[in-house]
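Note sheet for the following structure.
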Amino acid sequence: MESKKRDIRALTREQLRDFFVSQGDKAFRGNQVYEWLWQKSAYSFDVMTNLSKATRDMLEENFVINHIQVDQMQRSADGTIKNAVRLHDDLVVESVLIPTKTRTTACVSSQVGCSLDCKFCATARLKRMRNLNPDEIYDQVVAIDNESRLYFDRPLSNIVFMGMGEPLMNYNNVLKAIEKITSPEGLGMSPKRITVSTSGVPKLIKKMADDAVKFKLAVSLHSAIDETRTSIMPFNATFTLADLREALVYWYQKTKSRITYEYVVWEGINDQRKDVDALVEFCRFAPSKVNLIEYNPIDDGDFQQASNIAIEMYVETLEKNGITVTVRRSRGKDIDAACGQLANKSES
Ligand code: SF4
């Protein structure tokens, strides 16, 4: 029966080796299959040509490969690519390739929908349906790496966990996926080229520090004033800025890795002098830099990008206080691939 079959990519190399031994075969067959699954991203057992037909049939009887399918690929006028990715249970997530002159960055999803409810975010409206498995995260990266080689003639250079979902709410699977992405048995990428972007779950930021992760940390801050932050990111009522600050200081003490604050300035929400002053204050607690991100309105128009004057006030004030700040232009707006816009619209 189809439902009895196990997902072969949930098995470690050792478990695969043991499986072959239990079938009266050699343990090294497990290594061969493992390579097909991870280094060569095999979609089916049929392509495993160094295995006999009988072995491939036996695998087919016992296992499935729950590989993702890129259902639809959209290309923006600025070169950005958005993939609608269908999972084995027919749910869909999105991932994005963002090319610049020197880099190709993959923005990947970690959950179907999201557990949190940021008011400015299109994904929040989908509600969380489930966490992605490590292999489903890994497959998104492989798909974008292939597209990068095909369309830009170079491999993927960076990964950000900034797609659909809150990566720290799927902590174990995200870490397992990163382990595979950075392993020589997977893609062999440097962890320094990977950024996990969180809305700020203090307990799990501390856990990452304790786990001595080597990737970078970004926090979607958007306001350093509790009242304002809670109004746009309601979970801030539980995970307050004081808790977040304490966790970030802990992170820096343990990892010595500078934190990036992602920050959008919205008209009438956080575009006043008191907002930038609070941000400056917040930046003093641990070495950090600020990315001011251009906002991409979603349908209802409750949030509008602040004026250039307000952005200038932020840039000038931060720089005057010795804080590195970059203003990031939005990419892929015409295909709803920009930050906060991912909402499976490509399905319709
Ligand atoms: S901004 Fe991130 S954490 Fe907040 S609802 Fe959207 S996907 Fe979730």
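Bear in mind that the values in this text are calculations on the coordinates, not laboratory data. Since we're looking at a predicted model, the values are computed, not measured. Positions of Cβ are generated from backbone atoms using ideal geometry, with glycine treated the same way; all protein chains shown enter the neighbour counts.
General remarks:
- Rounded to the nearest 20 debye, dipole of the chain from Cβ charges on Lys, Arg, Asp, Glu: 1080
- By the count of other C-beta atoms within 10 Å, a proxy for reagent exposure, 263, 171 are ordered fewest to most as 171, 263.
- Across the range 280-295, coupling constants 3J(HN,Hα) worked out from phi with the 6.51/-1.76/1.60 Karplus curve, θ = phi - 60°, read 4, 4, 5, 5, 6, 6, 8, x, 7, 9, 10, 9, 8, 9, 5, 8 Hz, and Gly and Pro carry x.
- Sorted fewest first by neighbouring Cβ atoms within 10 angstrom, 107, 283 come out as 283, 107.
- Burial ranking of peptide ranges 219-227, 184-192, 60-68 (average Cβ count within 10 Å, highest at the top): 219-227, 60-68, 184-192
- Residues with amide H under 5 Å from that of residue 197, placed H, sequence gap 5 or more: 161, 218
- Cα-based shape type of the range 193-321, given that a ≥ b ≥ c are square roots of the gyration tensor eigenvalues and the cut on a/c is 1.5: prolate
- The orientation-averaged shadow of the Cα convex hull for the range 1-105, equal to a quarter of the hull surface, comes to 8.7 nm².
- Cα shape, the chain, gyration tensor, a/c 1.5 rule: prolate
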